[in-house]
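Asker: First, the structure itself, so that you have it in front of you.
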Amino acid sequence: MKAINFDNCIGSYDKSLFYKNDYSINCADPGALWVSKEMNEEWGGYFYIYLTGEIHNKTEVGDKISAYKCYRSKDLSTWEVIGQAQNGGCLKVEDDAWAYRFFWAPEVTYNPADKKFYIFYSAGSKLAGENTEYTANEEDMWSGLYLSIAVSDTPAGPFVMVDSKDMKGGVNLNGDVLSRFNPTINFEKKLNIGHTWSAIDVSPFWAPDGSLYIYFAKHCDKFHKGICVYGMKMKDIVTPDYSTLTKLTHASVKQVIGKAGELDAEKGEEEIREGGVNEGPFMTYHNGKYYLTYSPFGYGSREYSIMQAVSDSPLGPFNKVAREVGNPSLGINSTNDYIAGTGHHNFAYADGEIIAVYHAHKDPVEPYVPGGGFKGRVLAVDKMHFVYNEELGYDILMGNGPTTSLQPVARVTATYLNKAMNAKIVSNAVSGEKYLNDDLFTTQPFDWHKEAEFDKTAQIEISFDKAEKVKGVMVYNSADYKYAFDKVDKIVYTLANGEQVYVENVLCDEANVCREKQFMRQGGSAIAVTDELEVTKIEITVSSKYDNDNETIKISDIAVLAKRD
């Protein structure tokens, strides 16, 4: 048996294997979409993200505006600005358009009916005039927040505000004329509310039956305090069914029961800790249930996270999952000092994976400058899983994150995939052996028990039905410092020809532990990347710990990166 060279990926790493949340892109309220070649041959094969904000270009006659800087990436690490409106923006904003500021929270969806891409967004309108359908006024700066829609032939734009001139009769299915002069969606007008009704964070969702819904946050304004979530069905991609508008959440209340067409809802008695904000909604369907994810407290809070509520219907009622059972699905825990404010998000779906794209605080410990200025937000991505919850009796969303450690790239573009999940595992674990290859590492206290436990030394054998071309092995650490290891002693590879080779002393990255305060930065692993090896069996030995006051070692998960078949 001979030793072979390996890379422990401390300091540098192979971007074809791993990505890392490195705070390199300033970002707020990201929308995200995986675009396949089937959607668009020319533009497919990339993840696209869309960021809050307008882009100004000074000209001799004044400002020209586009909105929503657009990036794309194949590996979740290397991003290029690709927006096809001016200066990397993707939404074209004409001088005479209704919107001119507060371009927030864009989301893009693909419409298979016409093979076009639609961006749903919120923006601030100009002040109202005689010919406007909006009613913004100077008394309330939030009075002009409206939802709207634009369309493009490509996922990078340029998106242009929808216009009904080419529709049958020149109107949408509600008989409304659509143009760049007024927002596409106008609750105060269509529901005769009698005053402004500001809305943000619109998110489209295609239900299993092909129908379209939107979800959004009701923003605070002169007439409304706090921020909550509503949902509504669409008649088609540009026509709201206002009669279905339903209140779905109220901040700090576990459940509300809203009625279609009514602006308020019956509130349950059970209160929870969320501050005055529920915003950034996103909808996911899985196994007969609808999962409404949202963010509480507000973007400046370190506890701004991805939370979940579950219903049997797309318009509720939704029951928020209790914190001790499964919330946040992705967010900080009590010792987290490495990534915070992990809220407003989208999920990108690709090759059976759910990729959460969200923003995080630029400074995870002190997000504000002394005196009050906010330091900003950055782009982050992590993977989500549906996991059965015994207490609830159904699956809930759980995140492999938030992380700032190395993680495998998305499956859809990866050359090497995690094949540990399909391998046979034999170990000397005292308990929890099944968690060694479930593709989940632990991050939240309610899941910390889902780790394999060993007495003094962990010995694990991973065998494959057929030889696999292995490039990397990742041994994920315990979430709890008391049980975490500081290195993997040895990894022995049995090759297809019967020969055995090994690597030893695979160190954990010190960036993933705080020795001084004795806590782990969850999601870290000991990594060994080698030349491609044709392997039938892998044997792993772990015996060295940070904390020697006890002899228990826990391992959260193991990933084996082997070549795609």
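The values are calculated or read from the model by the stated rules, or taken from the named source; none is laboratory data. None of these values were measured; they are calculated from a predicted model. Glycine also receives a Cβ, built like all others from the backbone with ideal geometry; neighbour counts cover every protein chain displayed. Each accessible area value is taken on the protein alone, full model and side chains, heavy atoms only, with ligands, DNA and RNA left out. Shrake-Rupley method; radii C 1.70, N 1.55, O 1.52, S 1.80 Å.
Conditions tested, residue by residue: (1) among the hydroxyl-bearing types (S, T, Y); (2) closer than 18 Å to I354 by Cα.
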position	(1), (2)
L397	no, yes
T403	yes, yes
P408	no, yes
V412	no, yes
M421	no, yes
I425	no, no
N428	no, no
E433	no, no
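Asker: Can you confirm whether the range 182-205 contains a residue that is in a loop (DSSP other than H, G, I, E, B) and of a type in the set (A, V, I, L, M)?
Answerer: yes
Asker: Here's a follow-up. Does P314 meet the test of being modelled with pLDDT of 95 or more, in a loop (DSSP other than H, G, I, E, B), in contact with a Gly (Cβ under 9 Å, 6 or more places away or on another chain) and farther than 28 Å from F519 by Cβ?
Answerer: Against the criterion (modelled with pLDDT of 95 or more, in a loop (DSSP other than H, G, I, E, B), in contact with a Gly (Cβ under 9 Å, 6 or more places away or on another chain) and farther than 28 Å from F519 by Cβ), P314 qualifies.
Asker: Is there a residue being modelled with pLDDT under 95 and not in a strand (DSSP E or B) anywhere in the range 243-261?
Answerer: Checking the range 243-261: at least one residue is modelled with pLDDT under 95 and not in a strand (DSSP E or B).
Each row is one residue, and each column tells you yes or no for (1) in contact with a helix residue (DSSP H, G or I) (Cβ under 7 Å, 6 or more places away or on another chain); (2) in a strand (DSSP E or B); (3) open to solvent by 10 Å² or more (accessible area, probe 1.4 Å).
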{"residue": "A340", "(1), (2), (3)": "no, no, no"}
{"residue": "N346", "(1), (2), (3)": "no, yes, no"}
{"residue": "V357", "(1), (2), (3)": "no, yes, no"}
{"residue": "V378", "(1), (2), (3)": "no, yes, no"}
{"residue": "D382", "(1), (2), (3)": "no, yes, no"}
{"residue": "Y388", "(1), (2), (3)": "no, yes, yes"}
{"residue": "T404", "(1), (2), (3)": "no, no, yes"}
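Asker: Filter the range 138-165 for residues that are under 26 Å from Y48 (Cβ atoms) and outside any strand (DSSP E or B); which is most open to solvent (accessible area, probe 1.4 Å)?
Answerer: Result: D153.
Asker: Can you tell me which residue is nearest to F120 (Cα to Cα) among those in the range 42-58 that are in contact with a Ser or Thr (Cβ under 6 Å, 6 or more places away or on another chain) and touching a residue at least 60 places away in the same chain (Cβ under 8 Å)?
Answerer: F47
Asker: Do any strands (runs of 3 or more DSSP E) entirely within the range 1-75 hold 2 or more residues that are farther than 30 Å from G498 by Cα and either among the aliphatic types (A, V, I, L, M) or at pLDDT below 95 (or both), and if so, which?
Answerer: By residue number, 31-35, 54-59, 62-73.
Asker: Which residues, counting only those in the range 328-338, are in contact with a Ser or Thr (Cβ under 8 Å, 6 or more places away or on another chain) and in a loop (DSSP other than H, G, I, E, B)?
Answerer: Correct list: P328, S329, G331, I332, N333, Y338.
Asker: Taking Y299, is it open to solvent by 20 Å² or more (accessible area, probe 1.4 Å) and not in a loop (DSSP other than H, G, I, E, B)?
Answerer: No; evaluated as a whole, the condition is false for this residue.
Asker: Tell me the residue from V177, V171 that is out of contact with any strand residue (DSSP E or B) (no Cβ under 6 Å at 6 or more places or on another chain), over 26 Å from P317 (Cβ atoms) and open to solvent by 60 Å² or more (accessible area, probe 1.4 Å), please.
Answerer: V177
Asker: Still on this structure, please answer the following. Which of the residues spanning the range 212-239 are out of contact with any Ser or Thr (no Cβ under 8 Å at 6 or more places or on another chain), in a strand (DSSP E or B) and open to solvent by 10 Å² or more (accessible area, probe 1.4 Å)?
Answerer: Correct list: Y213, I227, K235, D236.
Asker: Output yes when any residue across the range 68-79 is closer than 25 Å to D95 by Cβ, surrounded by fewer than 22 Cβ atoms within 10 Å (Cβ to Cβ) and either in contact (Cβ under 8 Å) with a residue 12 or more places away in the chain or more than 21 Å from the chain's Cα centre (by Cα) (or both), and no when none is.
Answerer: The answer is no, given that none of the residues of the range 68-79 is closer than 25 Å to D95 by Cβ, surrounded by fewer than 22 Cβ atoms within 10 Å (Cβ to Cβ) and either in contact (Cβ under 8 Å) with a residue 12 or more places away in the chain or more than 21 Å from the chain's Cα centre (by Cα) (or both).
Conditions tested, residue by residue: (1) more than 16 Å from G89 (Cβ to Cβ); (2) in contact (Cβ under 8 Å) with a residue 24 or more places away in the chain.
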{"site": "N111", "(1), (2)": "yes, yes"}
{"site": "Y118", "(1), (2)": "yes, yes"}
{"site": "S125", "(1), (2)": "yes, yes"}
{"site": "A128", "(1), (2)": "yes, no"}
{"site": "T132", "(1), (2)": "yes, yes"}
{"site": "E138", "(1), (2)": "yes, no"}
{"site": "L145", "(1), (2)": "yes, yes"}
{"site": "S152", "(1), (2)": "no, yes"}
{"site": "P155", "(1), (2)": "no, yes"}
